[in-house]
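The values are calculated or read from the model by the stated rules, or taken from the named source; none is laboratory data. Please read all numbers here as calculations on a predicted model, not as lab measurements. Cβ placement follows ideal geometry from the backbone for every residue including glycine, while neighbour counts extend to all protein chains displayed. Heads up: the accessible areas ignore ligands, DNA and RNA and are worked out on the full protein's heavy atoms, side chains in. Shrake-Rupley method; radii C 1.70, N 1.55, O 1.52, S 1.80 Å.
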Amino acid sequence: MPNFFAVCAPGLEAFTARELKDLGLQVPSSPSSRDSLKGNGEVEEVGGVECRGSMIDLYRANLRLRTASRVLFHLGSFYADTFSDLGRRAKRVSWEAYLKPGRSVALRVTCHKSRLFHSAAVTERVMESIGARLGRIPPTRKFEGEKESDPPQLIIVRLVENRCTLSLDSSGALLHRRGYRLATAKAPLRETLAAGILMASGWDLTSPLIDPFCGAGTIPIEAALMARKIAPGLHRHFAFMDWPDFRPKEWESLKAQAQEEQGVSGPQPPIMGSDRDAGAIQAARSNAERAGVPDSVVFSRRALSDLEPPPGPGWVVTNPPHGVRLKSQRDLRSLYIRLGRVVRGKCPGWNAAVLCAGDSLLKLTGINFDRWFPMRSGGLRVSLARGRISPKREFDF
């Protein structure tokens, strides 16, 4: 049975693992982290979850995972402490089952505690091995990541203590690119992180949910997609669809099943997003339209103090400014004080989940946070704080 590695942002591993188990994949190990390469060649740590399943499970994971960034398919693993070993054993891989002649590829190589430490030389030997199986060496192209909607086929080569692991990216464009977020506000939140925030918040998919700093609407839109059981990858292209052994009938069957399951039983939960920026609200409405949930989310332009929650209790799930959009630290402190006063006055007894870069700011809200989930947002270390909203105190003004 093939091995997969579902890559996710650090902090989301537990939620990605839960999703994989719900999809029927085997998750034999605990969430882990791996080394990857940034565009400038520096090494960074990424989170992820090892899992096992069939090729159809690989299709299903790409179609339905909400918190993963990409799904890697393991081609093989072997010991190699010389370039001749590397080339000989890489030739045993059935590259022709996954790469079409003429299809551009990009190699991402990491070497750690191995005799083969020169990444360029490793790349050359692997490319020669691929060429031997395909009849010619495929063209190479730099992998631009976020900048590309149709990236080359990414091949991951990892050498750790002389053991080489070869993997293929089955996703193509990163999975947070659902296709609906063409309009953005300042400091946009990735869709995968928004989905992870909603899962960490404990939202039950049926109670009211509001986001008073909604920006381009990512959190409310992801909430609507979750509540309506709309598969996030239903309307996009994946790298595995270009593999020679791709099974279009099975893929169409998976999509048809997902479409049959979408919808909600009973009334839809009230989902609301607000922001004081008129441009952000316009972007949010456009994004909701493209996501197919324009009637599932109510967006409104309003100041935080004008928040009008629906009858509750429910959830306040939000990503307030971390300081980039504010002129001073004093403005940031005032914002969090005001957030606490407003929600404790208008949403007593509700649940709250706030993404923030500093615990000191969270304390200013007066919300009784009792759980913290460390995460990464745009390379910034942040935490999602979760708790209950107590009633407004008498000395608040």
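Scanning segment 104-117 for residues that are touching a Phe, Trp or Tyr at 6+ places or on another chain (Cβ under 9 Å) and in a loop (DSSP other than H, G, I, E, B) gives a single hit, LEU116. In the set (1) over 30 Å from GLY11 (Cα atoms); (2) among the aliphatic types (A, V, I, L, M); (3) open to solvent by 30 Å² or more (accessible area, probe 1.4 Å), LEU116 fails one condition alone, (3).
Confirm whether LEU205 is open to solvent by less than 50 Å² (accessible area, probe 1.4 Å) and either farther than 30 Å from SER94 by Cβ or under 19 Å from the mean Cα position of the chain (by Cα) (or both). No, not satisfied.
Of the residues PRO270, PRO310, only one is out of contact with any His (no Cβ under 7 Å at 6 or more places or on another chain), of a type outside the set (Gly, Ala, Ser) and at pLDDT below 95; which? Steps first, please.
Details: PRO270 fails: at pLDDT below 95.
None of the others qualify; the one that does is PRO310.
Just a yes or no: is a residue in segment 245-262 open to solvent by less than 40 Å² (accessible area, probe 1.4 Å) and under 22 Å from ARG344 (Cα atoms)? No, segment 245-262 contains no residue that is open to solvent by less than 40 Å² (accessible area, probe 1.4 Å) and under 22 Å from ARG344 (Cα atoms). Comparison of GLN268, GLN282 shows that the only residue that is in a loop (DSSP other than H, G, I, E, B) and surrounded by 15 or more Cβ atoms within 10 Å (Cβ to Cβ) is GLN268. Here is the figure for segment 329-363: residues that are under 28 Å from GLY378 (Cα atoms), in contact with a strand residue (DSSP E or B) (Cβ under 9 Å, 6 or more places away or on another chain) and open to solvent by less than 10 Å² (accessible area, probe 1.4 Å) total 9.
Of all residues in segment 220-236, those being in a loop (DSSP other than H, G, I, E, B) and either of a type in the set (Asp, Glu) or over 15 Å from ALA194 (Cβ atoms) (or both) number 7.
Only one of the numbered conditions (1) within 30 Å of ARG18 (Cα to Cα); (2) exposed (fewer than 15 other Cβ atoms within 10 Å of the Cβ); (3) out of contact with any helix residue (DSSP H, G or I) (no Cβ under 9 Å at 6 or more places or on another chain) is violated by ARG136, and that is (1). Regarding SER149, is this residue modelled with pLDDT of 95 or more and of a type in the set (Ser, Thr, Tyr)? Criteria not met by SER149. Of all residues in segment 222-273, exactly one satisfies the criterion of being touching a strand residue (DSSP E or B) at 6+ places or on another chain (Cβ under 8 Å) and β-branched (Val, Ile, Thr), namely ILE271. When ASN62 is tested against the conditions (1) at pLDDT 95 or above; (2) surrounded by 16 or more Cβ atoms within 10 Å (Cβ to Cβ); (3) in a strand (DSSP E or B), the lone failure is (3).
Give the residue that is most open to solvent (accessible area, probe 1.4 Å), with candidates limited to residues of segment 372-397 that are part of a strand (DSSP E or B), without any contact (Cβ under 8 Å) to a residue 60 or more places away in the chain and not small (Gly, Ala, Ser). Can you show your working first?
Narrowing segment 372-397 to residues part of a strand (DSSP E or B): 372-377, 380-388.
Filter once more, keeping what is without any contact (Cβ under 8 Å) to a residue 60 or more places away in the chain: 372, 380-381, 383, 385, 387-388.
Now narrow it down to the ones that are not small (Gly, Ala, Ser): 372, 380-381, 388.
On the way: TRP372: 124, LEU380: 77, ARG381: 171, ARG388: 122 Å².
Top of the filtered list is ARG381.
Restrict the check to segment 227-240 and report whether at least one residue is under 27 Å from GLY349 (Cα atoms) and crowded, with 21+ Cβ neighbours inside 10 Å. Yes, segment 227-240 contains at least one residue that is under 27 Å from GLY349 (Cα atoms) and crowded, with 21+ Cβ neighbours inside 10 Å.
If you filter segment 65-103 down to residues that are touching a helix residue (DSSP H, G or I) at 6+ places or on another chain (Cβ under 6 Å) and assigned to a helix (DSSP H, G or I), you find that the one that is nearest to ARG163 (Cα to Cα) is LEU86. Scanning segment 155-180 for residues that are surrounded by fewer than 21 Cβ atoms within 10 Å (Cβ to Cβ) and either of a type in the set (Asp, Glu) or outside any strand (DSSP E or B) (or both) gives GLU161, ASN162, ALA173, LEU174, ARG177, GLY179.
Only residues that are under 26 Å from the mean Cα position of the chain (by Cα) and either more than 25 Å from THR67 (Cα to Cα) or modelled with pLDDT of 95 or more (or both) were counted in segment 344-369, giving 7.
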